[in-house]
Amino acid sequence: MGRSIILDTDIAGDIDDSWALGLALASPALDIKLVVSCLDDTTHRAAVMAKFLEQTGRTDVPVGIGLRTSDKIYNLRPWLGDYTLGDYPGTVYADGVQAIVDTIMQSSEPVTIIAEGPMTNIAAALEREPRIAEKCEIIATMGSIYQGHSLDDIHKDSDYNIRANIPAARQVLAAPWKITAVPLDVTAHLVIGDDNYQKLLAVRASNPIVKTILENFDCWMEENNCTYYKTHSTALYDLAAVYMAEMGDYNLITEDLYLTIDDGGYTNIDEKAGRLCHCAVYWRYIDMFYKFITERLCGER
């Protein structure tokens with residue numbers, strides 16, 4: 001089997017999490033041991049993941065309900081419809097945090113957590129069992145090193161995944177596991193368009209993963225009154241973390257940097273007080289990334 005991963009995701013908010021889950025499912029190099037919902041109404045988010053997994057024929061993947069932080073429900077409610085976690089024929093863990101701990105501690109090989117949202121669940125898992133840091137590493141969509149959301153005015157930004165729970169992010173940063181940061185520098189401008197996007201549209205009817213991603217995307221677009229879904233995607237931040245879990249530094253320029261997190265949610269380089277992190281900072285060949293993603297989702301790799 002491939003690299004053992006746990007996907008901790010705030011799916012059902014921004015649409016990139018649906019694309020990232022689809023990419024992880026399409027990758028023969030990634031062995032998904034567990035998916036866990038994070039942030040706000042985590043039961044709703046877990047149900048979205050469960051329906052996604054059932055539609056793509058992957059009910060072998062367990063679903064965990066992460067820590068609930070509010071009653072807020074996002075854009076995929078119409079797509080979810082009457083589907084509930086009780087409909088999922090696979091395993092559902094009511095305590096997703098404990099499922100993270102158990103999955104890591106019971107594994108005979110190292111596990112990688114791909115963190116695609118705020119670090120609430122991961123920090124809680126550390127509190128319950130600090131030894132998970134000895135058997136696990138983190139690849140996190142987090143931070144902003146040199147560049148943020150804007151291409152016109154180049155400066156770093158406060159990243160939402162950190163800003164939403166700064167104490168949890170600091171706790172995860174302080175633990176003695178390897179941390180790979182996949183920051184806004186390489187995630188904020190990822191948009192699949194042109195021939196690649198048309199190729200995805202062409203296989204929608206025959207490819208369950210692409211079909212489910214695009215169903216989610218259709219719903220997200222309607223809820224947000226967007227009309228450009230026939231030509232290109234929105235920003236697909238979380239795809240980069242899944243790509244890096246499979247491909248490592250291939251096609252990415254990385255730097256090992258000592259990072260701190262300030263009270264505004266900014267990641268700052270500080271060689272005296274910081275924590276060493278492996279950071280992706282630039283793409284080598286972005287067109288190669290788009291081609292890889294398209295072919296992987298279409299089942300050609």
Just checking, which of Asp153, Asp157 is under 23 Å from Asp16 (Cβ atoms), outside any strand (DSSP E or B), out of contact with any helix residue (DSSP H, G or I) (no Cβ under 8 Å at 6 or more places or on another chain) and charged (D, E, K, R)? Asp153
Take Ala280 and tell me if it is in a helix (DSSP H, G or I), touching a strand residue (DSSP E or B) at 6+ places or on another chain (Cβ under 8 Å) and open to solvent by less than 30 Å² (accessible area, probe 1.4 Å). no
From the set of residues in the range 273-301 that are over 20 Å from the mean Cα position of the chain (by Cα) and free of Cβ contacts under 8 Å to residues at least 12 places away in the same chain, which is farthest from Thr56 (Cα to Cα)? Asp287
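The rows are residues; the columns are (1) in contact with a strand residue (DSSP E or B) (Cβ under 8 Å, 6 or more places away or on another chain); (2) under 18 Å from Ile122 (Cβ atoms); (3) among the hydroxyl-bearing types (Ser, Thr, Tyr); (4) at pLDDT 95 or above.
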position: Gly2; (1), (2), (3), (4): yes, no, no, no
position: Ser27; (1), (2), (3), (4): no, no, yes, yes
position: Cys38; (1), (2), (3), (4): yes, yes, no, yes
position: Arg45; (1), (2), (3), (4): yes, yes, no, yes
Checklist (1) assigned to a strand (DSSP E or B); (2) buried (at least 19 other Cβ atoms within 10 Å of the Cβ); (3) among the polar types (S, T, N, Q) applied to Thr294, failing item: (1)
All but one of (1) open to solvent by less than 10 Å² (accessible area, probe 1.4 Å); (2) aliphatic (A, V, I, L, M); (3) touching a Lys or Arg at 6+ places or on another chain (Cβ under 8 Å) hold for Ala47, so report the exception by its number. (3)
Val92 vs. criteria out of contact with any His (no Cβ under 7 Å at 6 or more places or on another chain), farther than 27 Å from Leu257 by Cα and open to solvent by less than 10 Å² (accessible area, probe 1.4 Å): no
Residue among Ile104, Ile138 that alone is over 17 Å from Asp238 (Cα atoms), open to solvent by less than 10 Å² (accessible area, probe 1.4 Å), touching a strand residue (DSSP E or B) at 6+ places or on another chain (Cβ under 7 Å) and not in a loop (DSSP other than H, G, I, E, B): Ile104
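The values are calculated or read from the model by the stated rules, or taken from the named source; none is laboratory data. Just so it is clear, the model here is predicted, and its values are computed rather than measured. Quick reminder, even Gly has a Cβ in these numbers, built from the backbone with ideal geometry, and neighbours come from all protein chains shown. Quick note on the areas: whole protein, heavy atoms, side chains included, nothing else; ligands and nucleic acids left out. Shrake-Rupley method; radii C 1.70, N 1.55, O 1.52, S 1.80 Å.
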